Structure formats: structure tokens, C-alpha cells
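Right, one structure below, let's go through it.
The values are calculated or read from the model by the stated rules, or taken from the named source; none is laboratory data. Just so it is clear, the model here is predicted, and its values are computed rather than measured. No Cβ is skipped: glycine too gets one built from the backbone with ideal geometry, and neighbour counts run over all protein chains shown.
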């Protein structure tokens with residue numbers, strides 16, 4: 001019982017015949033159809049981004065950070081999350097330094113807020129404004145070294161506490 005393997009020539013002949021059949025089928029499909037620039041780009045550039053995401057790394061990093069904030073920061077009113085999302089969007093330089101590990105950028109941002117009272121007070125002021133816009137009410141603006149209003153949902157101390165909790169969660173995830 002002898003088995004003969006196909007000759008290399010017959011293999012290449014069958015490959016070229018298969019290619020010819022594919023080209024003929026493609027011509028039949030495209031016959032009568034108007035060609036556009038998008039068709040040409042699609043055919044010629046089909047493998048241009050093979051293996052790469054069409055979404056830029058910076059956008060991916062910001063999305064990952066904002067998703068983490070949304071999932072890990074308890075915020076019933078949503079004003080603190082909203083302002084943090086905006087700060088992440090605006091802090092392109094910090095996020096750009098940590099494209100491979102975006103949560104490091106979030107940790108850096110949170111540490112700068114928690115460790116610098118002036119930045120914390122500014123964040124809380126933005127959160128209060130957002131809360132007022134969302135609820136169509138006048139917000140309570142706590143001044144440094146001032147006791148918070150009893151109805152103020154976002155005080156300096158409550159926001160610091162929330163951000164410290166989020167920072168601990170970020171560090172545990174790293």
C-alpha cells in the first residue's frame with residue numbers, strides 16, 4: 001500500500017485555480033455596482049489596522065478610568081462622579097503618562113486632590129455647582145475652615161472620605 005503525495009506543482013496549480021475562482025466570484029458580485037472611494041479604501045486598506053484598536057490609547061485609558069469611577073465610587077446623587085469624570089477628561093497630561101496602566105493616573109489624581117486642601121476645596125465647589133444644576137436648587141458652598149450646612153451632601157470632609165475610599169480601591173486593583 002503506497003501513498004503518493006501530490007507533487008508541489010499540482011498544489012500550486014490548485015492554489016492558483018482557487019484564486020482564479022475567487023476573483024471570478026468577486027467580479028460577479030461587484031458587476032453592475034458603482035464603485036466608491038470607500039470601497040477602494042476598504043479593499044486596499046483592509047489589513048491596515050490589523051491587530052490595533054481604532055480607538056486611540058488615550059481615549060481607551062480615559063474610558064477605563066471613568067468606568068472604574070462609575071463602578072467603584074458610591075455617589076447617589078452622581079454629582080461627584082460627574083465632576084471626577086470631567087476632571088479625568090481634562091487631565092490629558094496625567095493620563096498620557098500612564099497609558100499602559102490608566103488606574104495609576106487615577107491614583108495620582110486622587111492623591112493630589114486628597115493631599116492638597118486647595119484642590120479638594122475647588123473640587124467640592126465644582127461638585128456643589130453640579131449638584132445645584134442637577135437638582136435645580138441653590139447649592140451649599142462650604143468655605144475653608146467653615147462648618148458645613150446641615151443639608152450639604154458634599155462637604156469637604158465627606159468628599160475627602162469618599163475619595164480616600166476610592167483611592168484605596170484603586171491601589172488594591174493595581
Taking the condition surrounded by fewer than 16 Cβ atoms within 10 Å (Cβ to Cβ) and modelled with pLDDT of 95 or more, does residue 101 pass? yes
If you scan region 129-154, which residues turn out to be without any contact (Cβ under 8 Å) to a residue 40 or more places away in the chain and either outside the structural domain of residue 73 (by TED's automatic domain parsing) or buried (at least 17 other Cβ atoms within 10 Å of the Cβ) (or both)? 139, 142, 148, 152
Which of the numbered conditions does residue 153 fail, given that it passes all the others? Conditions: (1) within 30 Å of residue 53 (Cα to Cα); (2) modelled with pLDDT under 95; (3) over 19 Å from the mean Cα position of the chain (by Cα). (1)
Restricting to region 93-128, and then to whatever is without any contact (Cβ under 8 Å) to a residue 24 or more places away in the chain and outside any helix (DSSP H, G or I), can you tell me which residue is nearest to residue 55 (Cα to Cα)? 100
I'd like to check something: does region 108-118 contain any residue that is modelled with pLDDT of 95 or more, within 13 Å of residue 62 (Cα to Cα) and within 22 Å of the chain's Cα centre (by Cα)? yes
Just wondering, is there one or more residues in region 160-170 that are in contact with a helix residue (DSSP H, G or I) (Cβ under 9 Å, 6 or more places away or on another chain) and more than 15 Å from residue 73 (Cβ to Cβ)? no
